[in-house]
Amino acid sequence: MNIAVLFAGGVGSRMKAGTVPKQFLEIHGKPVIVHTLELFEQHPEIDAIAVAILPSARAELEKLIRRFDIEKVRWVVNGGSTGQESRHNALKAIAADCPEDAVVLVHDGVRPLIDAKIISDNIDLVKRKGNAITCSKVTETIVESRDHKIMNVIPRDHLYAAQAPQSFRLGEILALYDRAVSEGENDSIDSCSLMYKYGEEINRITGPKTNIKITTADDLHVARTYFSIIENQKLYGMPSGE
Ligand SMILES: C[C@](O)(CO)[C@H](O)COP(=O)(O)O
């Protein structure tokens with residue numbers, strides 16, 4: 001059994017786009033969260049979807065799920081005060097109904113540009129090696145900077161940006177989230193950071209740089225451009241430029 005776990009709990013404070021949470025901003029006539037949901041809905045290997053959402057946005061999400069005929073959503077849970085708590089709430093809800101060896105693909109509601117191959121590759125790697133983190137290779141010079149000064153240039157040969165999905169066996173990742181809470185850790189950035197903190201061996205999948213997270217207004221513009229390219233490819237078979 002393979003389950004997508006979407007985190008749509010953020011308030012979008014980095015978007016500065018007014019009062020609409022970023023997961024509800026529209027691209028090509030559909031809210032970002034609907035684009036993301038549809039990718040998992042249409043994937044033949046995904047059996048069910050869980051979404052953690054801000055309690056104040058829950059009714060709006062449920063309306064969208066009905067309007068866009070998303071049938072695989074089985075759990076809608078309230079997000080917590082941190083991303084960690086939101087993901088934990090979703091994992092606990094799934095564990096009440098599903099076996100420990102279920103594969104969970106933890107994804108950001110605001111990453112609508114994944115494709116079917118990334119989902120399949122995640123599932124395949126979890127089944128073979130226990131977990132999978134989607135990453136993209138860094139192609140720029142990465143520096144550490146404070147107070148407008150560059151303090152360090154980090155050799156980039158082995159640098160990747162960790163993205164999502166981040167995928168695991170349900171029992172294993174839930175045990176780590178439980179352990180984090182019992183040890184007073186409530187605000188880890190993501191599941192990959194948590195696994196790393198607890199010394200687990202973690203496997204990488206390389207995905208495309210286009211798998212962006214819509215965090216700022218600039219990201220929204222970039223995502224709209226990528227969606228236009230995808231639409232043109234579907235309509236006219238235009239090459240992607242790669
Ligand atoms: C999970 C993630 O997308 C990996 O890059 C990222 O850590 C999420 O960060 P956010 O601060 O919750 O947007």
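Here GLU231 and LYS137 are evaluated by their C-beta separation; at R0 = 25 Å the FRET efficiency comes out at 0.40. For the pair ILE189 and ASP147, a Förster radius of 30 Å applied to the C-beta separation gives a FRET efficiency near 0.80, rounded to the nearest 0.05. Backbone geometry of the stretch 88-102 corresponds, through the Karplus equation with coefficients 6.51, -1.76 and 1.60 at θ = phi - 60°, to 3J(HN,Hα) couplings of 4, 4, 5, 5, 5, 5, 5, 5, 5, 10, 10, x, 4, 8, 4 Hz, x marking Gly and Pro. Given +1 at the Cβ of Lys and Arg, -1 at the Cβ of Asp and Glu and no other charges, the dipole of the chain around its Cα centre is 460 debye to the nearest 20. Taking the DSSP beta bridges with both ends in the chain, the antiparallel portion is around 45 percent. The ranking of SER81, SER86, SER167, SER193 from fewest to most other beta carbons within 10 Å of each one's beta carbon is SER81, SER193, SER86, SER167.
In whole Hz, with x marking every Gly and Pro, tabulate ³J(HN,Hα) for the stretch 213-221 from phi via Karplus 6.51 cos²θ - 1.76 cosθ + 1.60, θ = phi - 60°. For the stretch 213-221, the Karplus-derived couplings read 9, 7, 10, 10, 4, 4, 4, 5, 5 Hz, x marking Gly and Pro. Rounded to the nearest 0.05, the FRET efficiency derived from the C-beta distance between GLU200 and ASP47 at R0 = 30 Å is 0.75. What shape does the chain have by the C-alpha gyration tensor, where a ≥ b ≥ c are the square roots of the eigenvalues, rounded means a/c under 1.5, and otherwise prolate means a/b greater than b/c and oblate the rest? Rounded. Extension gain, GLU71 to ALA116, is 14.4 nm, computed as 0.36 nm per intervening residue step minus the present C-alpha separation.
Placing unit charges on each Cβ (+1 for Lys and Arg, -1 for Asp and Glu) gives the chain a dipole about its Cα centre, and among TYR236, GLY207, PHE168 the Cα reaching farthest toward its positive end belongs to TYR236. Please compare each pair in LYS30/LYS209; LYS30/LYS213; LYS72/LYS137; LYS213/LYS234; LYS92/LYS127 to a cut-off of 27 Å on the Cα-Cα distance and tell me which ones are over it. LYS72/LYS137, as the Cα separations exceed 27 Å there.
Any read-out appearing in this document is the output of simple, stated calculations on the displayed coordinates, not a laboratory observation. If you're wondering where the values come from, they're calculated on a predicted model, not measured in any experiment. Cβ coordinates were reconstructed from backbone atoms using ideal geometry, including for glycine residues, and neighbour counts include every protein chain displayed.
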